[in-house]
1. Working only within region 22-32, note down all residues that are without any contact (Cβ under 8 Å) to a residue 60 or more places away in the chain and not β-branched (Val, Ile, Thr).
2. Which one of Lys88, Lys83 is part of a loop (DSSP other than H, G, I, E, B) and either among the charged types (D, E, K, R) or under 29 Å from Gly132 (Cβ atoms) (or both)?
3. Take region 91-121 and flag every residue that is closer than 30 Å to Leu29 by Cα, polar (S, T, N, Q) and either modelled with pLDDT of 75 or more or not in a helix (DSSP H, G or I) (or both).
4. Phe23: part of a helix (DSSP H, G or I) and either outside the structural domain of Lys88 (by TED's automatic domain parsing) or of a type outside the set (A, V, I, L, M) (or both), yes or no?
5. Being loosely packed, with under 11 Cβ neighbours inside 10 Å, without any contact (Cβ under 8 Å) to a residue 24 or more places away in the chain and not assigned by TED's automatic domain parsing to the domain that holds Gly132 is the requirement here; does Ala52 meet it?
6. Within region 26-63, how many residues are more than 20 Å from the chain's Cα centre (by Cα) and at negative phi?
7. Kindly list, by first and then second residue, each pair from a residue in region 59-86 that is of a type outside the set (A, V, I, L, M, F, W, C) to a residue that is assigned to a helix (DSSP H, G or I), limited to pairs with Cβ atoms under 6 Å and residues at least 6 apart or on different chains.
8. List the residue pairs whose Cβ atoms are under 9 Å apart, where the first residue sits in region 6-19 and is more than 9 Å from Asn71 (Cα to Cα), the second is surrounded by 15 or more Cβ atoms within 10 Å (Cβ to Cβ) and of a type in the set (Lys, Arg), and the two are 6 or more positions apart or on different chains.
Amino acid sequence: MSQINTIVINITLDGQNYPEWAFCVETALRGHGLLFHLTDDPPAFQQDRSNAADVKTWQTIDGKVMAAMVNSTKQSMIMSLSKCKTAKAIWSCLKAQDSGALLHTLMQQTHVIEQQDMFVDEYYSTFGRLMGSLTSMVPDCTAVQPTNLLKSSLLFCHGCKSGI
């Protein structure tokens, strides 16, 4: 078994910085050639257990990936990961936790954003950041959806109504 150096993730997930943390985790694992531990299922033992050494190696390395992720997570969030048995499971759990909270926060912000005393270009920039965060959560699609463009335009106009 080849020796795996310590996986260092120089940011702590605190519940507010998931995109930055996820980028750092992916980058660190890519650098170690271990990014697939976030997406692939563990190998199963063959019936004759001839791959037992490979399975054990995978489990050991996956444990190191899990440790790196847990060690870069705020202490108050760690127990929510206790039932996760693989790095992939931890990754999925944290992503799901973040997606719900972030979506809720962004949707709240869309309801309160108004131009008020902002210049139009300043409001447009603020609106663009908010919509960029929202649209980054939506899977890519191949067709242009006019209704999505209309919704964005309406939200923008809603914010401008008090300033124009």
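1. Phe23, Cys24, Glu26, Ala28, Leu29, Arg30, Gly31, His32, listed by residue number.
2. Lys83
3. Ser92, Gln97
4. Yes; evaluated as a whole, the condition is true for this residue.
5. no
6. First pass over region 26-63, keeping only residues more than 20 Å from the chain's Cα centre (by Cα): 42-61, 63.
Now restrict to residues that are at negative phi: 42-48, 50-61, 63.
Selection size over region 26-63: 20.
7. Asp62/His37; Asp62/Ala87; Thr86/Asp62
8. Thr6/Lys64; Ile7/Lys64
The values are calculated or read from the model by the stated rules, or taken from the named source; none is laboratory data. Small disclaimer: the values here were computed from a predicted structure and weren't measured. A quick note on method: Cβ atoms are made from the backbone with ideal geometry, for glycine too, and the neighbour counts reach across all protein chains shown.
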